Structures are given as structure tokens and as C-alpha cells.
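Asks: My questions all concern the structure below.
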Amino acid sequence: MPPENRKPTSELPAKGRRRVVIEGVSPEIDCGRFAIKRVAGDKVTVEAAVFADGHDQVACRIVYWRESGQPRSSPMQSLTNDRWRGEFTVEQVGRYHYTVEGWIDRFATWRSGIEKKIAAGQDVRVDLLIGAELVAAAAQRANGEDAELLRDSARRFREQAASRPPSHALDENLFRTMERHPDLELSSRYEKELTVVVDRDKAAFSAWYEVFPRSCSPRAGRHGTFRDCEGWLSYIASMGFDVVYLPPVHPVGHAFRKGKNNSVVAQPGDVGSPWAIGSAEGGHKSVHPELGTLADFRHFVSKAKEHELEVALDIAFQGTPDHPWVKEHREWFRERPDGTIQYAENPPKKYQDIYPLDFETTGWRGLWEELKSVFEFWIEQGVHIFRVDNPHTKPFAFWEWLICELKESHPEVLLLAEAFTRPHAMYRLAKLGFSQSYTYFTWRNTKQELTEYFTELTQTEVRDFFRPNLWPNTPDILHEFLQRGGRPAFIVRLILAATLGASYGIYGPAFELGENVPVRQGSEEYLNSEKYELKRRDLRSPASLRALISKVNAIRKDNPALHRDRNLRFHNVDNPALICYSKATDDLSNVILTVVNLDCFNTQTGWVNLDLTSLGVDGEHAFQVNDLLGDARYLWNGTRNYVALTPGSLPAHILRVR
């Protein structure tokens, strides 16, 4: 540094006496810019590199606190190469903060030195006096029994230094007591205070069922109501779902209404798309008159609760030409040179029934407040879970502000991002606060694709901010795998979604009834899509997967290993058509091993090569695995075991390892 840039010694910061360095703290998202995510009761494991100059020993701890609460601490343990690890538990919903504090551990340094001198038969009388000073100082920081023990130890050190051979210097109880009362006068703290957003458990573990209320009428051709949909709640609950998700329930626009199969010309009686929001009957704070009233909606929410179901509502920030916003706030939309409002386009496709909002409007503050009030309105009606349509088409800054505002007043609220877009955009939305996210699962169908993708989601830093919600199908997406694979394809994708992910959902009853006909070859759109017409289905069809879905959801609920994502581990199989993976609780008291045949047409066999350590299994002895799907039991030996799976029966094992 050039002499002219050097600060006088008197101006050096006070931390000049602080010798401990703290770096490489994890988890830390984008240099601390964003929070990590957990649910109440989770442990947060923190690692850091903590070291100092010279040969003095260091110690460190995690300092953490609930927002507006008092700081607490948790010790960290040494790993290797100056790396330390510790953990703390986030007990309540809300925001927590944490950092790492490190200091020179003079007593540990002293103890290590005197142990060597005693072993070498050296004179340690002066060392005992030094130890007495360290222990006496700690006694001043302690109270109760600890203070009494430390004062007595200091006295004994002085006595031993005067006349007796040392006998107390290496006492383990003394060492642990000293650890509880460190000298932090010259401690160093990591320069950042990192954040944890703590949600309720359903943010991490949930099973969603999507249903269109307007298709719930018991009579074909009649528009269903909320009261009709209440009749479906026992059916949905009987399959083990805990979230019933409704598409938008608002009035549907008339101008440029779409007809069946997305026809640009609607025929008389065509009901239009629920995502074409807004008419003379109201906008985002109204319900479609044919569904019922707001009171009917609240009644539906309460009835769902009686069935242990929570209602999730779709929020789609867009409007039709009929939306009240168009008349009241024309400035919130982009006007074209000819005086008309810009409708949605994906050239050459045109969506004249949808007006996107213009977030670059000079009236953006009023727009933001109005959109926030939409969430607040439905929270008042009893909704605390929202599926947000296409959030990647709205500014990131808006979502960061909105979610922070909502969470401050309603920390129980959960938001699912429906953003099938580029990875950076999807991850950014998750970092900004979305509780869960749609994924690329629908388009990951081979063993390599699934393994690579879910390793990224569960074994990299992504797992600290991105919670996947896996959907085999949606009203917009009927993948080719389901179109061609028949019933076995639906079973395979169900089991993968329900066991790879702690949260998953299906669009029903299209899924359990195996609806798989596209509008045309090469399309992922359904023929006669429910997005544009009323549907009537036979829920009692013998072809329904209802019984299997119920069993899979019961397995999920009964096995805590399936309640989280970060414990996912893949195991090798010598057949590329077979995939094998496990999940286990931290204490290995519950271990689930899943093997799936990804070939919907042929029996596949192979040898799985298990990582027995991750399963908590002693490789020297045989162990039992119970097939929770097929109700069979197998006795396996060692790391290599044989499996055979037939698509025509059950193309998968969900095994509980005993």
C-alpha cells in the first residue's frame, strides 16, 4: 500500500486485536442477499472455516435469534482443516437470523500445553498459576454451581503450584465448565447476519389435488357450484390429499371468449377459460356468479377444513377487456399507437381475451398496492395457500416487496410459483420468497435426467431456498410419456412424484382416470380441455387409480423419511430402465427405498448396488425390506440385490428397510 494511503495507527479499527478469521459460512445464499428456508421444528446446520494466526486453539459458536427476540448460541464442533459445524433449531414460524462467532480459546490452548509438559515430566508450577488466572476470570463470568466449581478449581491450581503434584489440570468436568463460560472480549463475528424464513410444515410436505368446481355438477351440462364441489371433498380426502387447489374462481370475461379446444370463436353456452378474469360482475375480488356467492366460497373453505383439507386458490394477475380495472385504471395497461390496449401474444398466437398488466406504468405504486390487496382479500375469506400463475412474467422487485409485506402480517401464508421458465428465473423467484415451486419434473423421464435434476435440487445449495412441488400433469401439460405409456405411465409418474418429492400434486380427476388424449399429435394440450368446457366424469370407474393413490399417500404420511427432500440419495442399478433411491430420517429410524421401472411396456430386471451406510444397514448381516405397495417381504443380503418389475402389475417397489 502506498504510504499516502496508510492510516495512522491511532485510526486503525478496534478489531485490530481480534485474531480469529471467519469465512466460508454455509448455508449462505448469494453472499447473504437472500434467506434460506426451513419449517418450524427443523434444524439448521451451519458450517464455517474458523482459524487464527499462530498455534493458539480457537473455539466458535452459532449465534442465532428470532426476529425481535433475544440472541441464543449453539456450540460448533471441529471437523478437519479449520472447518467447523454446528446446528440450531428454528422452533416457530417467522424469521430467524444467525451468524458465527469465534475466539481464541486460551484455556483449551493452556490445557493442551500443560498436558504435554506433564507427560514429559516438566515443571508446570508457573503453568498452574496461569491456569488459575484463566479459571478465576471465568468464575467471574459464571454463576451458581459453575461459579463455585471454577473458584474451587482456581484455588486448587494455586495449591498445586505451591506444594503438590498436578492432579486437577486435565479434569474433563472443569474443561466442559470452562467451555460454557468463554472469554469473548476479543471475539470475532462474521460480518453478515444471515436469515432463515421459517414456514409451517405444509410448506415442505403436502399433497395437492386440483379440481375445477364448475365441473363438479352431478348433472351433465350444468355449471357446477361451490356447493357441488363440497360433495367432492370426501372423495379427495379419502385419497389422502391435504390441499384442494382451485383454478381462478372469478367472473369470466365475455369479450373474445375462447371456445372449446381453445377455439377463437365461442359458441353460445361456452364457459370460457377461468384464467380470462373479469366481467361486469367483477374482477379479482369477486366470484363467478354461477359458482355461487362469497358466502358460499367461505362455506366451501370451512367444509374443506372439516375434511382436513386446506384450500389453495389460483392467483393470475391479468384481465380481460371486460375487467373493471380496464375502465377504472386504463393506465395499468399498455396502450398501442392506435388507442387500443395491448393484448397477450406469443407470435403467431394471439390471446385477445387477455390483457397483461403493464408494470412499467407511471402508476405502478397504485398497481402494486391493488395487487397486494387481492391477496389480503382472499386471506380474509380463509385462504392461506396460493398458486401464483406465471410469476416470471411480472417484475422480481414486485414479488420481493409483495411477499415480504404479506409474510410480515400473515407468516402462515404459502405461495406456489407456477413458473415453467429458465432455471435462473425459477430460482430467483424462490429466493425472493415463494414457498414452493413448480419444476421440470414433467419433462425429466429417463434415469439420467431424473438423477441429475434431483441431485441438483437436493444436494446443492438449491435445497436451501427452492422447495420443489412435483406435478405429473396439469390442465396445461399432458406429457408424451403419459400419452403413450397408458396406465403404467400414470403409476410410474405418480410414484416418482410422491416419493422423489415431499410435495407433489395431480390435476384430477384427469389423472386418476388416465385421460391421455392430446388435441393433436406433438401437442401437450388435452383434447376437449377442461380449461374451455365443463367436464363430467365417472369417479367410480373401475379403471380409476384412486385406490393406488390412496395407498401411496398413506405411505407418505406414515413414513417421516418422505416428508423432506434434502435426504434423497440415489443408488446404482445395472439396468438404465430401473431407478433406485432412498430417503431416511436423520436418526435412520425410518428408511424408505424406492425402485421404479421407467419402461411402461416391458418387464425389467437388474441388480441394485446399495450404499448401506446411508440406509443404516450392517452389511455383515441379512436385512429385511417390506414392500409397502405390494405387501411383500424380502430378505436381502449385502450391497447387491436383485429386483424384477412388471409394468402390467406394479412397476415399482416402495420398501421400508428394517
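The values are calculated or read from the model by the stated rules, or taken from the named source; none is laboratory data. This structure is a prediction, so every number in the text was calculated from the model and none was measured. Cβ coordinates were reconstructed from backbone atoms using ideal geometry, including for glycine residues, and neighbour counts include every protein chain displayed. Please note that ligands, DNA and RNA were not included when accessible areas were found on the heavy atoms of the full protein model with its side chains. Shrake-Rupley method; radii C 1.70, N 1.55, O 1.52, S 1.80 Å.
Asks: Give me the number: length gained by fully extending residue 186 to residue 33, i.e. 0.36 nm times residue separation minus the C-alpha to C-alpha distance, one decimal in nm. Working shown, then result.
Replies: Values: separation 153, 0.36 × 153 = 55.08 nm, distance 2.76 nm.
Stretched out fully, the residue 186 to residue 33 stretch lengthens by 52.3 nm.
Asks: Let me ask something else. Quick one: grab Rg to one decimal and Dmax as a whole number for the range 560-658, Cα atoms only, in Å.
Replies: Rg, Dmax (Cα atoms, Å): 12.8, 39.
Asks: Restricting to the chain, what percent of DSSP beta bridges are antiparallel, rounded to 5? All intermediate terms of the calculation are to be shown ahead of the outcome.
Replies: Numbers: 76 of 106 bridges.
Here the share of antiparallel DSSP bridges comes out near 70 percent.
Asks: Let me ask something else. Send over a whole-number figure in Å² for the accessible area per residue of the range 551-604, probe 1.4 Å. Show your work: numbers first, answer last.
Replies: On the way: 2090 Å² over 54 residues.
Spelled out: the 1.4 Å probe surface of the range 551-604, per residue, equals 39 Å².
Asks: Here are some values of Rg and Dmax of the Cα atoms in Å: [x] 29.0, 119; [y] 27.7, 87; [z] 30.8, 107. Which one was computed from this structure?
Replies: Calculated Rg and Dmax of the Cα atoms in Å: the matching label is [z].
Asks: Mean separation of Cα pairs under 8 Å and 6+ residues apart, divided by the residue count of the range 227-370: what relative contact order is that in percent? Don't skip to the end; give the middle numbers.
Replies: Details: 233 pairs, mean separation 35.5, N = 144.
It rounds to 25 percent for the range 227-370.
Asks: Next up: Which value, to two decimals, describes the C-alpha radius of gyration of the range 1-156 once divided by 2.2 N^0.38 Å?
Replies: On the way: Rg = 20.0 Å, N = 156, 2.2 N^0.38 = 15.0 Å.
Scaled against compact globular proteins, the figure is 1.33.
Asks: Give the cross-link partners of residue 350 among the lysines, using a straight C-alpha distance below 28 Å as the criterion and excluding same-chain residues fewer than 8 apart.
Replies: By straight Cα distance, residue 350 reaches 258, 260, 285, 327, 394, 531, 535.
Asks: What are the extents of the Cα atoms of the range 475-593 along their three principal axes, listed from largest to smallest and rounded to whole Å?
Replies: 50, 31, 24
Asks: Of all chymotrypsin sites (Phe, Trp or Tyr not before Pro) in the range 421-485, which ones are in loop regions per DSSP and have a Cβ with at most 16 other Cβ atoms within 10 Å? Numbers along the way, then the final one.
Replies: Values: sites: 427, 434, 438, 440, 441, 443, 453, 454, 465, 466, 481; in loops: 434, 438, 440, 465, 466.
When the chymotrypsin sites (Phe, Trp or Tyr not before Pro) of the range 421-485 are filtered for loop state and at most 16 Cβ neighbours within 10 Å, 440 remain.
Asks: Let me ask something else about it. If the chain between residue 73 and residue 87 were fully stretched, how many nm would it gain, using 0.36 nm times the residue separation less the Cα-Cα distance? If you can, show how the numbers build up before the last one.
Replies: On the way: separation 14, 0.36 × 14 = 5.04 nm, distance 0.96 nm.
Full extension from residue 73 to residue 87 adds 4.1 nm.
Asks: Simple spin-label model, 7 Å along Cα-to-Cβ: residue 644 to residue 335 in nm?
Replies: Distance between the two pseudo-spin positions: 7.4 nm.
Asks: To the nearest 10 degrees, how steeply does helix 546-558 sit against the main Cα axis of the chain, on a 0 to 90 scale?
Replies: Between the helix axis and the principal axis of the chain, the angle is about 20 degrees.
Asks: For labels at residue 201 and residue 151 in the simple 7 Å Cα→Cβ model, what's the distance in nm?
Replies: So the label points at residue 201 and residue 151 sit 4.8 nm apart.
Asks: Could you tally the net charge around residue 281, taking each other residue with its Cβ under 13 Å from the Cβ of residue 281, Lys/Arg +1 and Asp/Glu -1?
Replies: -1
Asks: For the range 181-227, state which GluC sites (Glu not before Pro) are in a DSSP loop and have at most 16 other beta carbons lying within 10 Å of their beta carbon. All intermediate terms of the calculation are to be shown ahead of the outcome.
Replies: Details: sites: 185, 191, 193, 210; in loops: 185, 191, 193.
Answer in residue order: 185, 191, 193.
Asks: Here is a further query. Given the DSSP H assignment, sum -39500 (n - 2.57) over each helix run of at least 4 residues in the chain and divide by its residue total; what's the result at 222 nm in deg cm²/dmol, nearest 500? Each step should come with its number before you reach the end.
Replies: Working: 15 runs with 179 residues, N = 658.
Computed ellipticity for the chain at 222 nm equals -8500 deg cm²/dmol.
Asks: Can I ask one more? Counting pairs of alpha carbon atoms under 8 Å apart in space and at least six apart in sequence, what relative contact order in percent does the range 515-601 give?
Replies: On the way: 81 pairs, mean separation 14.3, N = 87.
Once normalised by length, the contact order is 16 percent.
Asks: Got a number for carbon plus sulfur as a percent of the range 434-580's accessible area, 1.4 Å probe?
Replies: Carbon and sulfur atoms account for 49 percent of the accessible area of the range 434-580.
Asks: Relative contact order for the chain: what percent, with Cα pairs under 8 Å and sequence separation of 6 or more?
Replies: 10
Asks: Oh, and also: Given R₀ = 35 Å, FRET efficiency for residue 344-residue 295 by Cβ-Cβ distance, to 0.05? Could you put the intermediate results ahead of the total?
Replies: Working: r = 33 Å, r/R0 = 0.95.
The computed FRET efficiency comes out at 0.60.
Asks: Can you pull out the GluC sites (Glu not before Pro) in the range 261-369 whose DSSP state is coil and whose Cβ has at most 14 other Cβ atoms within 10 Å?
Replies: 308, 360
Asks: What is the sum of charges, Lys and Arg at +1 and Asp and Glu at -1, for the other residues whose Cβ falls under 12 Å from the Cβ of residue 297? Show your work: numbers first, answer last.
Replies: Values: positive: 227, 285, 298, 303; negative: 230, 296, 380.
The answer is +1.
Asks: In addition: Accessible area per residue, 1.4 Å probe, Å², for the range 166-265: what's the number?
Replies: Numbers: 3810 Å² over 100 residues.
Counting only protein heavy atoms, the per-residue value for the range 166-265 is 38 Å².
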